[in-house]
Amino acid sequence: MSKPIYVTQPYLPPLEDFMPYLEEIWVNKILTNGGPFHQQLERALCEYLGVKHISLFTNGTIALVTALQALRIAGEVITTPYSFVATAHSLLWNGIKPVFVDVDPNTLNLDPAKIEAAITPHTTAIMPVHCYGQPCDVEAIQRIADNYNLRIIYDAAHAFGVRDKTGSVLNHGDLSVLSFHATKVFNTFEGGAIICPDAKTKQRIDHLKNFGFVDEVTVVAPGINGKMSEINAAFGVLQLKHIDDALARRKEIDSAYRKQLNSLEGIRCLNEADGIKANYSYFPVLVQPDFPLSRDNLYQKLKDQGIYARRYFYPLISDFPMYRSMPSAQRDNLPVAADAASKVLCLPIYPALAVLDQQRVIDILRRV
Ligand SMILES: *Cc1c(COP(=O)(O)O)cnc(C)c1O
């Protein structure tokens, strides 16, 4: 049997290229606490992404938790059920009640037309997700936030490098949060970041990720330990040198899938957004009722041949036990998200995916 094909595979530069970075750390003996690689990666990412300020984190989830703390969000926050579970968990960790709102059938992002009906006197913020790196309707969401005086924290874990006509999609809302987990487009093994618009907010976030320390004797908040280590930051600096090649290869894979699957009856690819520089982080398809196999049977058929596609996002966050009794988690409130969760399958996409391996995946779908 051929070697297994996973939905993603982390991008790793040649090992010998990382050695000089390690040697520098061994010479400096600075392992964490905002050392030189941490500072270098923050500068490099601001420039690459086209954002003003960034604060690096140990992972995306702690970054989400801290972003909510930084803006002192409380009460209720409107969010999407169609995401990775960390999105809503970050609210629970802050004692905030998530209020789930359904998604748009074309983008699978939070549907702005359904947000207003979910706003109550306790609502303080909206936490949308740029699902699969496809930007949310940022203008409509901003209008609602302005009308009701709400903050917006984007879970931008999928949106590294994505640009719209205004520049980086990470500049929308009050804060955006990235994940650099091994499975993401840009990884630091584990890692994450908060994008913030001004130096004062960055400073507050930098305090919060370091226990609330301002200096040796001053603690201003009950902060957490969310700092990225020097090893992770150094790897990020190296990884960033390869990111454009990695994105270009992802684009080719995306195009090959679209070319061969768009005409396939019963398989729907999500639309490419107009005027967007995408990052091709995922390749989701929706398996329709007229496809000869159910989604789960297709998932199993691929698995039997060593191809590990993933059902992102199934189950919905709102179906997990800590959420499912909430009124907003009920099925009839979330019909579009529930439908997508029952049909979606993310196909393998990563820079090292061989042309022939991708063709194997496509052929299995076409021959069903
Ligand atoms: C990966 C991911 C996270 C969590 O990031 P970690 O770095 O793994 O903690 C949060 N939200 C979404 C949408 C994600 O895909």
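Taking each full run of DSSP H in the chain as one helix, which ones are at least 30 Å long along their axis (Cα atoms) and have mean Kyte-Doolittle hydropathy of at least -0.5? None clear 30 Å together with a mean of -0.5. When only Cα pairs below 8 angstrom with a gap of at least 6 residues are kept, the chain shows a relative contact order of 23 percent. Take the Cα of residue 24, go 7 Å toward its beta carbon, and the backbone nitrogen atoms of the stretch 37-66 under 18 Å from that spot belong to 37-48, 56.
Computed over all pairs of different Cα atoms, the Kirkwood value for the hydrodynamic radius of the stretch 23-83 is 14.3 Å. Taking 209, 184, 165 as the candidate residues, the one with maximal mean-square fluctuation in a Gaussian network model of the chain, Cα springs under 10 Å, is 165. Here residue 301 is the anchor, and the aspartates and glutamates within straight C-alpha reach of less than 19 Å, apart from those fewer than 8 places off in the same chain, are 265, 290, 357, 363. Ellipticity at 222 nm from helices only: DSSP H runs of n ≥ 4 in the chain, each -39500 (n - 2.57), divided by the residue count, give -11000 deg cm²/dmol. Among 169, 220, 287, the residue with the largest mean-square fluctuation in a Gaussian network model of the chain, with springs joining Cα atoms closer than 10 Å, is 220.
Put in line by how crowded their Cβ is, counting other Cβ atoms within 10 Å and starting with the fewest, 216, 265, 252 read 216, 265, 252. Placing pseudo-labels 7 Å out from each Cα toward the beta carbon at residue 97 and residue 40 gives an inter-label distance of 4.9 nm. Using the Stokes-Einstein relation with a Kirkwood hydrodynamic radius computed over Cα pairs, the translational diffusion coefficient of the stretch 77-128 at 25 °C and a viscosity of 0.890 mPa s comes to 219 µm²/s. As a size descriptor, the averaged projected area of the C-alpha convex hull of the stretch 19-144 was calculated at 9.7 nm².
Under 1.5 on a/c is rounded, so check that first for the stretch 243-367, then, if it is not, pick prolate when a/b is larger than b/c and oblate when it is not; a ≥ b ≥ c are the square roots of the alpha carbon gyration tensor eigenvalues. Taking the square roots of the gyration eigenvalues as a ≥ b ≥ c, the stretch 243-367 is prolate.
The stretch 1-37 and the stretch 293-368 have their alpha-carbon centroids 30 Å apart. When both bridge partners sit in the stretch 15-240, DSSP labels roughly 50% of those beta bridges antiparallel. Which FRET efficiency value, to the nearest 0.05, is calculated for residue 324 and residue 258 with the Förster distance at 35 angstrom and r the Cβ-Cβ distance? Step by step, r from the Cβ atoms, then E = 0.50. How about residue 227: which aspartates and glutamates have a C-alpha closer than 18 Å to its C-alpha, ignoring those fewer than 8 places off in the same chain? List returned: 42, 190, 206, 215, 216. Taken over the C-alpha atoms, the chain has Rg and Dmax values of 20.7, 67 angstrom.
Each reported figure results from applying straightforward, stated rules to the coordinates on display, with no laboratory input. Worth saying up front: this structure is predicted, and the values here are computed from it rather than measured. With ideal geometry, Cβ positions are generated from the backbone for all residues, glycine too; neighbour counts draw on all protein chains shown.
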